[in-house]
1. From the Cα gyration tensor of the range 34-148, with a ≥ b ≥ c the square roots of its eigenvalues, which class applies: rounded if a/c is under 1.5, or else prolate if a/b is larger than b/c, or else oblate?
2. Can you give me the orientation-averaged projected area of the convex hull built on the Cα atoms of the chain, in nm²?
3. For His50 and His198, calculate 0.36 nm times their separation in residues minus their Cα-Cα distance, and state this gained length in nm to one decimal.
4. Please give the Cα centre distance for the range 36-107 versus the range 191-217, rounded to the nearest Å.
5. Please return the longest range in the chain lying between exposed loop sites, taking GluC sites (Glu not before Pro), DSSP loop only, at most 12 other beta-carbon atoms within 10 Å, and leaving the sites out.
6. Label the range 120-251 by shape, choosing from rounded, prolate and oblate, from the square roots a ≥ b ≥ c of the eigenvalues of the Cα gyration tensor; if a/c is under 1.5 it is rounded, and otherwise prolate applies when a/b is larger than b/c, oblate when it is not.
7. Report, in deg cm²/dmol and to the nearest 500, the calculated mean residue ellipticity at 222 nm for the chain, where each DSSP H run with n ≥ 4 adds -39500 (n - 2.57) and the sum is divided by the residue count.
8. Once the whole set of protein chains is in place, how much accessible area is left on Thr99, using a 1.4 Å probe, in Å² to the nearest 10?
Amino acid sequence: RILIYGAGVIGSFYASRFAKAGLDVTIRQEAALKELQGHGLWYRGKTRTHKVEVKTISELKPNDRYQFIFLTVRENQVEEALEDISRNESPNVVTMVNTIKPYGRWEKICGKGRILPAFPGAGGCIEGGILDAQLLPRAIQPTTFGEIGEERAAEEALAYIFRKSHIPYQIVPEMHHWQISHLGVIIPLADAYYQSRHPEKICANEKLMTLTAYRMKKNLKWIAQKGMLCPAKLYMIKDMPTGMLAGVLSR
């Protein structure tokens with residue numbers, strides 16, 4: 001049994017993939033509850049829209065046990081959500097949240113050993129009540145989760161869920177390091193878009209692409225010096241000549 005806690009883009013996307021794979025999926029959502037109950041979860045496919053049936057709840061009861069709770073809320077909503085989850089007996093909370101904060105504080109809220117840190121490998125939007133989202137290429141960013149210490153059964157069960165749902169995934173030894181490394185790549189890219197007057201044509205701006213490549217390499221070198229660079233493929237980007245990396249980014 002899987003609970004998706006939060007029905008934004010990421011929560012709706014994983015809920016639709018899990019449900020389509022035949023898994024037992026429930027969505028906990030207050031804001032969009034009536035819409036989900038009345039119309040179901042719709043997502044846009046390659047040629048038409050599809051509907052998947054999911055169960056919905058507005059309240060997580062203490063004895064309502066799920067094998068995994070996927071927490072898919074914004075970072076500023078995490079602690080309030082974990083307070084709610086702390087009163088529930090489900091053993092595993094998969095935090096699919098973009099954060100560079102250590103996970104110890106979250107464990108203190110919901111209980112030691114329950115947090116399984118992760119990061120989504122998808123993106124998109126919801127327009128007119130229809131989810132329009134897709135997986136990112138495996139080479140760019142698969143769904144990522146950290147090693148779960150000695151909890152091999154939970155790790156294997158989580159991997160099974162992704163395989164059954166045809167979602168590419170990777171397991172990294174230290175999720176906190178991965179989040180910091182991810183930020184080292186993303187911030188220069190975001191800065192480039194904000195600095196460009198024509199973001200849709202950014203790939204043609206050779207000067208800005210070179211500056212972005214320089215900033216990215218600088219970030220990754222600093223992170224590597226701290227012993228936190230993860231995954232290993234980022235070492236290739238760190239050591240790539242700036243001009244070559246600018247060309248790769250342009251493509």
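1. On the way: a/c = 2.27, a/b = 1.34, b/c = 1.69.
Oblate, because a/c is 1.5 or more while a/b does not exceed b/c.
2. Details: hull surface 57.9 nm².
Result: a mean projected hull area of 14.5 nm².
3. Details: separation 148, 0.36 × 148 = 53.28 nm, distance 3.44 nm.
Residue separation times 0.36 nm, minus the Cα-Cα distance, leaves 49.8 nm.
4. Cα centres, the range 36-107 to the range 191-217: 35 Å.
5. Numbers: sites that count: Glu30, Glu53, Glu59, Glu89, Glu150.
Between the exposed loop sites, the longest stretch runs 151-251.
6. On the way: a/c = 2.59, a/b = 1.33, b/c = 1.95.
It comes out oblate by the Cα gyration axes.
7. Working: 9 runs with 104 residues, N = 251.
It comes out at -12500 deg cm²/dmol, rounded to the nearest 500.
8. Thr99 exposes around 0 Å² with every protein chain in place.
The values are calculated or read from the model by the stated rules, or taken from the named source; none is laboratory data. This structure is a prediction, so every number in the text was calculated from the model and none was measured. Cβ: placed from backbone, ideal geometry, glycine included. Neighbour counts: every protein chain shown. These area figures cover heavy atoms from the full protein model, side chains too; ligands, DNA and RNA do not enter into them. Shrake-Rupley method; radii C 1.70, N 1.55, O 1.52, S 1.80 Å.
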